[in-house]
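K.L.:
This is the structure, below, for whatever I ask next.
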């Protein structure tokens, strides 16, 4: 029995040219089948200034998929504007019903219009190249340089170097092969060099994706969440690649055929304005696989609403959430970190805690009880907080002992006759620190000593002179000495850190620092200060009751900063680069039963404009219940990139405070959905003692 078969020979041609030997793509088809699909990878390198197209035409019985995915006899395989290098897979559909058994030669013509370039055809184990509309193509090999005429196929050999108009072309490898000869190609491996990194709002961050070759290349797709803007300048091994944004906003990059080895794809991403705690995410998709990179966005200039300024009227020492003890001399502001529920504890009366991390926290002044003339009582104060998880705090005082402990840190203070010894333990940082400021007067003026784990510090004063010594505990280290002279109009300081001089009067002063190479001068009325150093010039002016103004000139950059009670602003003008500046405002107030809090911030950075405006309005329904609503808008805008993103912020809830020691918030917002915060302080007050731990 005789077996019949169809031998199909597919030939790519350029009209009007038939120069020398060329590639032959042979396929065997079943004559009983109605159709056959031949696939072939190819690479295109284009040199153009304007629009161009690469198209093909074929005779009856042949059709191919064009760039829109349609089966056509003539049409565009790809097109573009300007230079490009790209990889493609040509799918040719053959109608076998019009062919008899035997060998058939089928011709497909290709055209490059509006440009010059090179067509590459990898057919295992070789790679063929074809100059298109250009006689500037050369191949450098050990035997010399070969010039290839336009329209003539040329077979590359291992070790060949390809040049176009004396510029080396790297896109054509020797390892990749025709899909018609491959069986089950394994997807190319790729991974992020850094799977997570930090970027400030408005700044650009570098991206690097490693790709393992060999690979046939193709389109690599980058998708990101709304808080990132992908840059359009990408390079592979230092050579620029073409990229574009598709209709879905994804970034597509044409990856050429890759030889064996690891290849670096480098680009950048810009951080937009995200909600507090928000992060950017980038997905790289290629050949059916995915790699995720996360970007932690630092809101920086827009984090001012995360710092709460509490208006407190008291002389009681305040134990802050950080563990620091702060004393108030009457009414004033205390800044603490906001956002999460926490508590400030008045040590003179721990039964009157001040809650932080709640809406409208800065709207009302607080006046905890102060026992200025009475002895402070010993107490045990357990604190339990629920805010996206349970946390605790234990504060105790008994005689000379004082303890402030949380799951993240433990601070212990012991007050003795000659000073205070403190022990700080931080399990999260795997650190323990013991220090003391035991003061032992000796002689006229007396010595004062501070002991730590690393060294012992001592000072001795005599008249206008002050001597210091630091004695390291570790052997092999020499003691360090310093001396200061503090006269009425002249001061001198000599120490290991620096040598300084100060000359002053009732209205002015000037001085110098040797190590820092800094000269400075200041007046007290009005309060002006001028500094000159190798880093630049700094000018500071303070207007009482209005705010501080600072002007700095560093190499190539002018800085202006203003900070007032309600307003803050800054401006950076660089000799090279765009202008940068910011403005922000925050105020809380109360009128009768109505409470309000308003803050807004604006920033221009790296040719982007960001703004965030938020407001809270509350109504005191009863002494223990407050209803509140909040709303705002967050914007990222770039005229150059035609980018605009607006996020609305809205929500509301109830704040319940039935006892000073108990608080709860039940709320909903479009960013957090439903949430609950709750805090309980259990004060156990005992006998009274008189000890100061500051």
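Every number in this text was worked out from the coordinates using simple rules, so none of it is lab data. All figures in this text were calculated on a predicted structure; none of them were measured in a lab. Here Cβ is always computed from backbone atoms with ideal geometry, including for glycine, and neighbour counts include all displayed protein chains.
K.L.:
Expressed in nm to one decimal, what extension gain is obtained for the pair residue 143 and residue 593 from 0.36 nm per residue of sequence separation less their Cα-Cα distance?
P.N.:
Separation in residues times 0.36 nm, less the Cα-Cα distance, equals 152.7 nm.
K.L.:
What's the extension gain from residue 407 to residue 672 if we count 0.36 nm per residue and subtract their Cα-Cα distance?
P.N.:
92.8 nm
K.L.:
I've got another one for you. With r as the distance between the Cβ atoms of residue 659 and residue 460 and R0 = 56 Å, compute the FRET efficiency 1/(1 + (r/R0)^6) and round to 0.05.
P.N.:
Step by step, r from the Cβ atoms, then E = 0.60.
K.L.:
A further question follows. Tally the DSSP beta bridges in segment 236-387 and give the antiparallel ones as a percent, rounded to 5.
P.N.:
Of all bridge pairs located within segment 236-387, approximately 95 percent are antiparallel.
K.L.:
In addition: Using Cα pairs closer than 8 Å and at least 6 residues apart in sequence, work out the relative contact order for segment 203-339, in percent.
P.N.:
Reported as a whole number, the value is 24 percent.
K.L.:
Also, I was wondering about something else. Find how much the distance from residue 508 to residue 550 grows on full extension, using 0.36 nm per residue of separation minus their present alpha carbon separation; answer in nm with one decimal.
P.N.:
13.3 nm
K.L.:
If you average the sequence gap of Cα pairs under 8 Å that are 6 or more apart and divide by the length of segment 45-179, what percent do you get for the contact order?
P.N.:
Relative CO of segment 45-179 lands at 22 percent.
K.L.:
Sort the following peptides by mean Cβ neighbour count (other Cβ atoms within 10 Å, averaged over residues), highest first: 127-135, 472-480.
P.N.:
Descending packing order for the listed peptides: 127-135, 472-480.
K.L.:
Same structure, new question: For a Förster distance of 56 Å, can you work out the FRET efficiency between the beta-carbons of residue 98 and residue 292, rounded to the nearest 0.05?
P.N.:
Using R0 = 56 Å, I get an efficiency of 0.65.
K.L.:
Take peptides 611-622, 554-565, 271-282 and line them up by average Cβ neighbours within 10 Å, highest first, as a rough protection proxy.
P.N.:
271-282, 611-622, 554-565
K.L.:
To the nearest 0.05, how large is the calculated FRET efficiency for residue 483 and residue 523 if R₀ is 35 Å and r is the Cβ-Cβ distance?
P.N.:
That gives a FRET efficiency of 0.75.
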